Amino acid sequence: MKSQPFFIAPEYRQDFLIDIARFNLQRGKLFAVIIIGFEFILLLIDSFSRSIQTVFKFDWYALMYLLMIIVTACIWFLFPYFERSLNRKAFNIKTIDYTIIAYVTFLVTWGAVISLQDQLLYGNIVAFLINMLVGSLIFYLQPQHLLIPKLIGSCVLLVGLPYYQPSSDILIGHYANVIIFLIFSGIISRTNYVNYIQNFMSQKLIEENSKLLAQTNENLLLEIQSRKQTQKELELANEQLRAIASLDALTGIPNRRKLEESLEEYWSKVVKEHLPLAVMMIDIDFFKTYNDSNGHLAGDYCLQEVAQVIHKCRREGKDFAARYGGEEFIFIATGMSLEETLVLGEKIRADVEALQLEHPFSSASSYVTVSIGINWLNPTSTDVIRETINRADQAMYRAKAAGRNRVVLAQ
């Protein structure tokens, strides 16, 4: 397979178009619900504010809010129909793309018109910039297709601004902001689209390899069907192969890919069962100097030993440990109190130092040590797992800033 950013193998072209169309429709339905709710709230606020002063007047802002609700509601009704037709493979995918482009054009142009009216009140173009950025983030289309609505909306705003904004200084600032956001949103659109293509092609490559492996296994089974022991060994090899795909090749513990697959499972469990959750970010202190001074073989051995210390501390079915990247590891514990979590963190730190891997270039100890950041909480449906990990990561950096070889609790 080629490695060009926009290359899709001809045999997968149709599958890709259906896959990305379905993805855009699913995101579009959710986005439509959010937009309708948001604009309805703005409409109520506008109505309420008017009713306090005078009898409610159906003013220009209310008309724009209502227009956004109507158009987005049409999208909300259209997208499920598109999706059903797509599942039956009875729909022209280009129609979906054109509909999305038209909606994004409306979204950006609507923001431009609102921003022009805002010049009379607030003097900002936030509505336009937000809509342009949202249009780049929500839908994954070819960058040149998304450029059409952005240019149309930008032209409406840039042409209309001199008629609404008398200040030349503010005009220059607005023009600069529009150009910057136009470039920035273009980069986002391209990056999102390229990443989607690469992920799709990677998945197809995995599927090809899996089919090839399955075919190879089938041939082997036919050849050795009379030899039961060999057959058992082959089945075991296949099981190990699936396990290896989720393990870090160097340390033998779960890798980042397995972490991503397991995060949602653990998060859903603690939220559903109202259990506390602890996330530990563990980083080997001064690992680069250890690796450079002792050689890569010693560095690999160090990573393996530290990984095993961390992995042995987990409880089967309750905790999860993985290599996060480089010399960094992550440990997820469920059902532990804060005190138990701190004790566990200290145990990991002490057990690593007890390995007595000499590190003369460390200012924290004469042996290899780790810095650990812990974020402990009772998650609810409003919490976000990524933010939880980020807070643990920040705590780990505070541990390093405080001198390393210590455990720090997130604030």
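So for region 286-302 (the condition being under 26 Å from the mean Cα position of the chain (by Cα) and among the acidic types (Asp, Glu)), does at least one residue qualify? So far as region 286-302 goes, no, none of its residues is under 26 Å from the mean Cα position of the chain (by Cα) and among the acidic types (Asp, Glu).
Take the conditions (1) touching a helix residue (DSSP H, G or I) at 6+ places or on another chain (Cβ under 8 Å); (2) in contact (Cβ under 8 Å) with a residue 60 or more places away in the chain; (3) surrounded by 14 or more Cβ atoms within 10 Å (Cβ to Cβ); (4) farther than 20 Å from TYR301 by Cβ; ILE348 misses just one of them, which is (4). Residues that are crowded, with 17+ Cβ neighbours inside 10 Å and closer than 16 Å to GLY135 by Cα were ranked within region 30-46; the one that is nearest to the chain's Cα centre (by Cα) is PHE31.
Would you please name the residue that is nearest to ILE96 (Cα to Cα), looking only at residues in region 117-158 that are part of a helix (DSSP H, G or I) and hydroxyl-bearing (Ser, Thr, Tyr)? So, considering only residues that are part of a helix (DSSP H, G or I) and hydroxyl-bearing (Ser, Thr, Tyr), the one nearest to ILE96 (Cα to Cα) is SER136. Exactly one residue out of ASN405, ASN390 is assigned to a helix (DSSP H, G or I) and open to solvent by 10 Å² or more (accessible area, probe 1.4 Å), and it is ASN390. Residues that are of a type outside the set (Phe, Trp, Tyr) and under 19 Å from VAL71 (Cα atoms) were ranked within region 122-132; the one that is most open to solvent (accessible area, probe 1.4 Å) is ILE130.
Pairing residues of region 4-19 that are within 13 Å of TYR193 (Cβ to Cβ) with residues that are open to solvent by less than 50 Å² (accessible area, probe 1.4 Å) and modelled with pLDDT under 75, at Cβ distances under 8 Å and at least 6 apart in sequence or on separate chains, gives PHE16/ILE8. Output yes when any residue across region 106-121 is closer than 23 Å to LEU30 by Cα, open to solvent by 40 Å² or more (accessible area, probe 1.4 Å) and without any contact (Cβ under 8 Å) to a residue 12 or more places away in the chain, and no when none is. Checked region 106-121: no residue is closer than 23 Å to LEU30 by Cα, open to solvent by 40 Å² or more (accessible area, probe 1.4 Å) and without any contact (Cβ under 8 Å) to a residue 12 or more places away in the chain.
The values are calculated or read from the model by the stated rules, or taken from the named source; none is laboratory data. Nothing here was measured: the structure is a model prediction, and the numbers come from that model. Counting neighbours? That spans all protein chains shown, and the Cβs are built from the backbone with ideal geometry, glycine included. To get the accessible areas, we keep the full protein, side chains included, count just its heavy atoms, and leave off ligands, DNA and RNA. Shrake-Rupley method; radii C 1.70, N 1.55, O 1.52, S 1.80 Å.
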